[in-house]
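What follows is one structure encoded as C-alpha cells, with my remarks underneath.
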Amino acid sequence: MSMRVTFLGTSGAVPTTERAPSAVFCSLSPHNEEATDMLFDCGEGTQRQMMRFETGFGVSHVFVSHLHGDHVLGIPGLVQSWDFNEREEPLAIHVPPGGKEHVEELVTAAGFQPSYPVRVNEVSPGSVALDAPGFEVRAFETNHRTVSQGYVVVEDDRPGRFDRERAEELGVPVGPAFG
C-alpha cells in the first residue's frame, strides 16, 4: 500500500501567517487499486492549502474529529468550490455522535444546496467509519472539551513473503513446518 500524508494545517484555533487551522490530507493506494483521498478535519483555508501543496481535490471522505470551528469551518467553502467545479462524485463526511445536524447545516450554509450527493454519517468510537479495499478507517475515543474522536487507518492483513533459503539456514525442516 502506498500512503501520502500532507499536513495542510497544524495551528490551534487561530490561524497564523505560518500555520493554518487543522486539516490533514491522506491519499491511500492499495496495490492495484485506485487511490482513496481523504481529509481529516477541514479548518478554514483548507482548499487554499490543498492548492498550495498540490494534493488535488479528489477527496471522497472527510473525517471530523470534533465540531470546534478550527476543525470544520473549511467545509462550506470546499463543498461550494467543488460544486462550482461541477463535481459529480458523492462526498461522505464522518462526524462524532451528535454532530450530524450541525455539519449538515455547514454543508448547506446560506441556503446553498450541493448538486452532488453529500452524506453525513455519525460514527461512534470503536466503530468502522470507512471500509475500503485494502484498509479501513476506525474511530477511537479522545479526551477533549467537547464530544470528540480520532481516526486510525488500519491496513488489511497481508500475507508475508516466505524465505525458504533463510528458513533452511535456521534449521527449519522442509515440509509442514514451512507453513
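The values are calculated or read from the model by the stated rules, or taken from the named source; none is laboratory data. All values derive from a computational prediction rather than experimental measurement. Neighbour counts run over all protein chains shown; Cβ positions are idealised from the backbone, glycine included. What goes into the accessible areas is simple: the full protein's heavy atoms, side chains included, and nothing from ligands, DNA or RNA. Shrake-Rupley method; radii C 1.70, N 1.55, O 1.52, S 1.80 Å.
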Study note, to complete from the structure: Contact order relative to length for the stretch 1-135, counting C-alpha pairs under 8 Å separated by 6 or more residues, stands in percent at 19
Review point. Per-residue ellipticity at 222 nm for the chain, helices alone: DSSP H runs ≥ 4 residues times -39500 (n - 2.57), over residue total, nearest 500 deg cm²/dmol?
Key: -5000 deg cm²/dmol
Check your understanding: Per the 1.4 Å probe, what fraction of the accessible area of the chain, in percent, lies on carbon and sulfur atoms?
Key -> 49
Exercise for review: Grab the other residues whose beta carbon is less than 12 angstrom from that of Glu104, score K and R as +1, D and E as -1, and report the net.
Suggested key: -1
**Study point:** Cβ-defined net charge surrounding Asn32, 14 Å radius [Lys, Arg +1; Asp, Glu -1]
**Key:** -2
Check your understanding: Which entry in (i) 47, 16, 12; (ii) 27, 19, 14; (iii) 38, 18, 17 matches semi-axes √(5λ) of the Cα gyration tensor in Å derived from the coordinates of this structure?
Key -> (iii)
Review point. Between Gln80 and Phe162, 0.36 nm times their residue separation minus their Cα-Cα distance comes to what?
Key: 24.5 nm
Exercise for review: Just flag the GluC sites (Glu not before Pro) in the stretch 81-166 sitting in loop per DSSP whose Cβ has no more than 11 other Cβ atoms within 10 Å.
Suggested key: Glu86, Glu88
Exercise for review: Just check the stretch 62-154 against the gyration tensor rule for me: Cα atoms, a ≥ b ≥ c as the square roots of the eigenvalues, rounded for a/c under 1.5, and otherwise prolate or oblate depending on whether a/b exceeds b/c.
Suggested key: oblate
Review point. Using alpha-carbon positions, what is the distance between the centroids of the stretch 1-38 and the stretch 103-179, in Å?
Key: 15
Check your understanding: Looking at the chain, which longest stretch skips every one of the trypsin sites (Lys or Arg not before Pro) that is in a DSSP loop with at most 10 other Cβ atoms within 10 Å, leaving the sites themselves out?
Key -> 1-144
Study note, to complete from the structure: Nearest 10, in degrees from 0 to 90: the angle of helix 75-84 to the longest Cα principal axis of the chain is 90
Review point. How long is the gain from Ser127 to Val152 if the chain were fully straight, where each residue apart is worth 0.36 nm and the alpha carbon distance is subtracted?
Key: 7.9 nm
Check your understanding: Name the GluC sites (Glu not before Pro) in the stretch 1-56 that are in a loop by DSSP and that have at most 15 other C-beta atoms within 10 Å, would you?
Key -> Glu18, Glu33, Glu34, Glu54
